[in-house]
Amino acid sequence: MPQRFVHDSVGARVIFGAGRAVEVPAESRRLGHRLLSIADEAGTEVAAPMLTELADELVGTIGEVRPHVPIEDAERARALARSVGADCLLAIGGGSTMGLAKAIAMTERLPIVAVPTTYAGSEMTPVWGLTADGVKRTGRDPIVAPRTIVYDPELTLSLPPALTAASGLNAVAHCVDALWAPGRSPLTQIMAERGIAALVASLPAAMRDGRDLRAREAAMVGAWLAGATFAIAGSSLHHKLCHMLGGKHDLPHAETHAVVLPWTTGLAIRHMPEAGRTVARALGTDDPVAGLRALAAELGAPTTLAELGLTPGHALAIADEIDTDGLGAPFSVTREELHAVLAGAAG
Ligand code: NAD
């Protein structure tokens, strides 16, 4: 394929390393002096020492976070930020926590210091999501991209095996889909390949022993690369398909990615064999599709949509409803190809 690209960088200060959460208070003070913290239950536990040190700067805390940012939660959090006169947001937790912080940043135009505790990758992106009347809308706004991100792998030692697998496979999907996404560039291809390699080399070990700090460190490097790649390259047919499946049938986010990824990859690499070679190299295998299946199986992820409770009829109906021109892929996808992908994933 001819090389033509626009590489839109997302500027962020990234601080990485075991034990570096102790630097969060100083990093927060660089951006503001009236901090509003957002942390879910797990985040609150790891945040305690940081928040104690920031007691003089802390003007409010939000301790309840729900998935997919319900609009009423966003409105309540925005009102709190205004009422306490917050000038900076400190978000500690997974993708849902980042999502609520982004919803506040979007309207209140406040900077975010992000301290991720999963591999979802939202902390690296300018992508927001909000759910109203059961429909999740997403969009891009540079203001919601966290200004400083502190990655401390020690904060992930408590992540249970199922969440390690689910958010880790979500990160793999960010990297793989980025290989044919609209904003891909030579740099994002390298980042995606390195991200997949780091994740495949570490997730099984992190699942076996959650307290394996070396594995947690490598997985977090992979998650950072995945988030950064997704932020620049954007999403493509895999994410669009999962988004439709998940939105319409309320399927679990990460598990849907795990089931569908080998099938969308099989389709994409028929059109872009070089992307298939990249995935294979990163996985250390000859067959990228079999390699992705083997990784998901090793991590105990579901392999069919039927296991998630979806009937083949419902899965196939998505192929008829989807706008094949809006898939964000550099090749055209026929309805028959989508039928084959969904029939395969349905199981
Ligand atoms: P999550 O934030 O919902 O967290 C899942 C669970 O893990 C929660 O119960 C949380 O308390 C717990 N948890 C988090 N860290 C923990 C830790 N270290 N130890 C123990 N438990 C911990 O899930 P997620 O997978 O991080 O994020 C998923 C969400 O992020 C989805 O809504 C997805 O759409 C969104 N997302 C957004 C973007 C973006 O760019 N906007 C990118 C990726 C994902």
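The values are calculated or read from the model by the stated rules, or taken from the named source; none is laboratory data. Keep in mind the model is a prediction, meaning the values are calculated, not measured. Note that we place each Cβ from the backbone using ideal geometry, even for glycine, and neighbour counts take in every protein chain shown. These accessible areas exclude ligands, DNA and RNA; they are computed on the full protein's heavy atoms, side chains included. Shrake-Rupley method; radii C 1.70, N 1.55, O 1.52, S 1.80 Å.
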Quick one, can you get me the convex hull of the C-alpha atoms of the range 13-156 expressed as volume per residue in Å³?
-> 88 Å³
Per the rule of 0.36 nm per residue minus the C-alpha distance, extending R270 to V10 adds in nm 90.5 nm
What relative contact order, as a whole-number percentage, does the range 161-346 give when Cα pairs under 8 Å and 6 or more residues apart are counted?
-> 26 percent
Under 17 Å from the Cα of K136 - aspartates and glutamates, other chains or at least 8 residues apart = E72, D73, E75, D250
Sorted by chain and number, the residues with a modelled amide H under 5 Å from that of L90, at a separation of 5 or more or across chains, are L36, S37, I38, V113
Total charge dipole magnitude, the chain, about the Cα centre, Cβ charges on Lys, Arg, Asp, Glu only, Debye to nearest 20 | 680 debye
Estimated distance in nm for a label pair at H339 and H33, the labels positioned 7 Å out from Cα along Cα-to-Cβ | 6.7 nm
What is the calculated FRET efficiency for L187 to S83, with r their C-beta to C-beta distance and R₀ = 51 Å, to the nearest 0.05?
-> 0.75
Probe 1.4 Å, heavy atoms of protein chains only: per residue, the accessible area of the range 161-346 in Å² is 38 Å²
Between the range 97-128 and the range 21-60, how many Å separate their Cα centres?
-> 15 Å
How large is Rg/Rh for the range 1-71, to two decimals, with Cα atoms and a Kirkwood Rh?
-> 1.14
Rounded, prolate or oblate: which fits the range 161-346 when a ≥ b ≥ c are the square roots of the eigenvalues of the alpha-carbon gyration tensor, with rounded for a/c under 1.5 and prolate only if a/b beats b/c?
-> oblate
State the answer as a single residue: which of A47, Y151, H68 lies farthest towards the positive end of the charge dipole of the chain, with beta carbon charges of +1 for Lys and Arg and -1 for Asp and Glu, about the Cα centre.
-> Y151
Of all accessible surface on the chain at a 1.4 Å probe, what whole percent is carbon and sulfur?
-> 54 percent
D (µm²/s, integer) via Stokes-Einstein for the chain, Kirkwood Rh across alpha-carbon pairs, 20 °C, 1.002 mPa s: value 106 µm²/s
How do 323-334, 26-37 rank on mean C-beta neighbours within 10 Å, highest first?
-> 26-37, 323-334
Sequence order, the range 193-210: Karplus ³J(HN,Hα) from phi using 6.51 cos²θ - 1.76 cosθ + 1.60, θ = phi - 60°, Hz rounded, Gly and Pro as x, gives 4, 5, x, 4, 4, 5, 6, 5, 6, 10, 4, x, 5, 5, 6, 5, 9, x
